[in-house]
Amino acid sequence: MLSLSGFREIEHTADWAIEAWAPDLEGLICQAAAGMYALMGVEVSPEPMVTHSVALSAEDQESLLVAFLTELLYLAETRAVACEVVELHCSDTALSASLVARPLDRIRRQVKAVTYHNLAIKTTPEGVRVIVVFDA
Amino acid sequence: MFSHKVFRKISDFEWEIPKTFRPDMRVAVRIFMTEALLRASLDDLSLEQAVNVATLPGLAGPVVVMPDMHQGYGFPIGGVAATEFPQGVISPGGIGYDINCGVRLLSSSIHLEEASPYLDDLAAALNAHCPSGMGKAGPLALKRAELEAVCRQGAEWAVRKGMGSIEDLRHTEENGCMDGADPRWVSERALERGAGQLGTLGSGNHFMEVDVVDEILDETAAQRMGLATGCLVLQFHCGSRGRGQEIFGGYVQSLQSAVRRFGIQLPDRELVCAPMDSQEGQQYLAAMRSAANFAFCNRQILAHMARQAFEQVLAGKVHNWQLRQVYDIAHNIGKIETHLVDGRRVKVCVHRKGATRAFGPGAAGLPEEYQGIGQPVLVPGSMGTASWVLVGTAQSMERSYGSTCHGAGRVMSRSKAKREVRGDRLRDGLEQQGIHVRAGSLSGLAEEAPQAYKDVDEVVETVAGAGIARKVARLRPVIVVKG
């Protein structure tokens, strides 16, 4: 039986895609972030740890998800860090999160961007589910 | 979704999905493929994506797809859509994340035989001079004012700094600079992401190759381009790097609200768009052109560094190591052009998402030496296979908005390629074929294995058969550098 929260990579001809699922939206966003880092093959150093906070607003839940993942890609590329979510709250149009950022040791594969391609957060009997396609 | 009855056959190389196929289609989809390629294209969602594009407001004529088409996100890769200027829409998805991703080709009179003893050194020098791979910084650390100048001036910025010549600019699409670029509409983050990446190749399917001209099929055109059988050429494939990605991402998010405001119904949110005469459309056009100019400048700097590598390794060892620019083309771009549509001349924005401009003889904007032969079209193959040099034709102006194919086109996902191909074996196999390989990552090499792509020769035969390009020369790789 699948666990209540998780992610898996799915096939896409030109690019990369993951499916993520969780009991609620907050959990889904965290799973999508973990899935994206797994696709990138990130390896981090334990120290130094830096706390980082994020506040985002967007049109809807899907846009919030894209904005949050894009923020993590931006931090990876410009600050060379990967982030762990300590706390995350969101409504339909706003998200705030406390993150712990650790230095990136290695990225095996570049994810260039998060796309909106057929992006729809779906409600299921177990919670919520989404497929995210990345530009590789 | 697609039964064979859907497709109306126009010729052995051309098909159509009529606009009656789905109620939300505004125009037909014209497909340049053989029957075999058409059947194979049903294996992914690319045709459905082409039908989705056919729903965009303001399309002037059919959506066109090329034989190298494959599934993208929103638009299929290998798609061309022309929207009427200025009331039609501009859609960032029809241009892509890597704005002005393109190819540059330089010719030489270096014979393969005279260069053979030095090819491995040349591979190492190209790898050292031209940074590639994830997170590799370029040779320049530019301040904001200089970055904005790059956005406005394109390749000319580099030429002014001594990195190239006026002839390079004349042999670049748009002379290496799109008018109407305005870095005020480029976000701080996009400027920041581009700052360290000028003069870098990137990773993924970006590459630098030295090829030998294997076969010439149009002697006059080849001579005009400086291509001679048995001589080396240099080609590379890259774009606007993180800057274009950041601009695309930012505008795809901000245009989500514009779509609602203009009441545009879309089958896929990745197709977000805005009328070109709206504030949002104008701002995206200005930002997109800024990224395009950044990419032209990036390729100009890479050409300069590649020339330094050639000089370092080959000066004094071959009779003439110089590289002369054949052409530089953009294959992810939106351009305002005038085309004949249903017998009327219409000003349109041609969205080319993985498609190459292929202007025919006499077209405005071509340098004098190419006026008689048509615009050079550069079609790289998959790693280790042939690449092609073509020219645009009168037919491409009439049937495909002056556009043709851009490469081989993927058929296998990157993850499947990695499962089925071992990077070290692939590298060894290429070396056994006499190809000198420098790869930043073996897994990255495996993702780009030739078997992950269509047969480029079949793609080129199709566009030549359809008349939307003419064959000039076939190239064979001898050095491959990948990030």
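FYI, it's all coordinate maths here, none of it is from the lab. Model, not experiment: these values are computed from the prediction. Reconstructed Cβ throughout: ideal geometry from the backbone, glycine too, with neighbour counts over all protein chains shown.
Within chain B, the proportion of Cα pairs with more than 33 Å between them is 32 percent. The calculated 222 nm mean residue ellipticity attributable to helices in chain A amounts to -8500 deg cm²/dmol, summing -39500 (n - 2.57) over DSSP H runs of n ≥ 4 and dividing by all residues.
Based on alpha carbons, the Rg and Dmax found for the protein assembly as shown are 23.2, 74 Å. A simple spin-label model places the labels of residue B:16 and residue A:51 6.5 nm from each other, with each point 7 Å out along Cα-to-Cβ.
Would you list, by chain and number, the aspartates and glutamates whose Cα falls below 15 Å from the Cα of residue B:471, excluding same-chain residues fewer than 8 positions away? Excluding near neighbours in sequence, the set is B:214, B:215, B:218, B:219, B:457, B:458, B:461.
What is the order of A:123, B:393, B:404, B:385, fewest Cβ neighbours within 10 Å to most?
Numbers: A:123 9, B:393 26, B:404 36, B:385 16.
The order, fewest Cβ neighbours first, is A:123, B:385, B:393, B:404.
Computed 3J(HN,Hα) for the stretch B:320-329, one whole-Hz value per residue from the Karplus formula 6.51 cos²θ - 1.76 cosθ + 1.60 where θ = phi - 60°, is 7, 8, 5, 10, 10, 6, 7, 5, 9, 10, glycine and proline marked x. Neighbours of residue B:382, meaning other residues whose beta-carbon lies under 10 angstrom from its beta-carbon, give a summed charge of 0 when Lys and Arg score +1 and Asp and Glu score -1. Think of it as helices only: each DSSP H run of n ≥ 4 in chain B is worth -39500 (n - 2.57), and spread over all residues that comes to -10000 deg cm²/dmol at 222 nm.
In order along the stretch B:80-91, the Karplus-derived 3J(HN,Hα) couplings, from 6.51 cos²θ - 1.76 cosθ + 1.60 at θ = phi - 60°, round to 10, 9, 10, 10, 5, 8, x, 7, x, 8, 10, 10 Hz, and Gly and Pro are given as x. Under the simplified labelling scheme, the residue B:36-residue B:312 pair shows an inter-label distance of 4.4 nm, with each label point 7 Å from Cα along Cα→Cβ. Taking a ≥ b ≥ c as the square roots of the eigenvalues of the Cα gyration tensor, an a/c ratio of 1.5 or more together with a/b no larger than b/c marks the stretch B:309-461 as oblate.
Going by the alpha-carbon gyration tensor, a ≥ b ≥ c the square roots of its eigenvalues, is the stretch A:1-115 rounded (a/c under 1.5) or, if a/c is not under 1.5, prolate (a/b greater than b/c) versus oblate?
Judged from the Cα gyration tensor, the stretch A:1-115 comes out rounded (a/c under 1.5).
Amide hydrogen proximity for residue A:113: with H placed 1.01 Å from N in the peptide plane, the residues at 5 or more positions away or on another chain lying under 5 Å are A:135. Taking Cα centre as origin and charging only the Cβ of basic (Lys, Arg, +1) and acidic (Asp, Glu, -1) residues, the dipole magnitude of chain B rounds to 1140 debye.
Start at zero, step by 5 Å, and the Cα-Cα distances of the stretch B:172-330 spread as 2, 8, 14, 15, 15, 13, 10, 8, 7, 5, 2, 1, 0, 0 percent across the bins. Evaluating 6.51 cos²θ - 1.76 cosθ + 1.60 at θ = phi - 60° for every residue in the stretch B:240-257, the Karplus couplings come out as 8, 6, x, 5, x, 4, 5, 5, 4, x, x, 6, 4, 6, 6, 6, 4, 6 Hz, glycine and proline recorded as x. Beta bridges from DSSP with both residues in chain B: antiparallel share about 90 percent, rounded to the nearest 5.
Here the stretch B:157-209 yields Rg over Rh of 1.01, to two decimals, using C-alpha coordinates and the Kirkwood radius. In this structure, the amide hydrogen of residue B:110, modeled 1.01 Å from its nitrogen in the peptide plane, lies closer than 5 angstrom to those of B:232, counting only residues at least 5 positions away or on a different chain. How about residue B:335: which aspartates and glutamates have a C-alpha closer than 13 Å to its C-alpha, ignoring those fewer than 8 places off in the same chain? Result set, ordered by chain and number: B:84, B:173, B:174, B:179.
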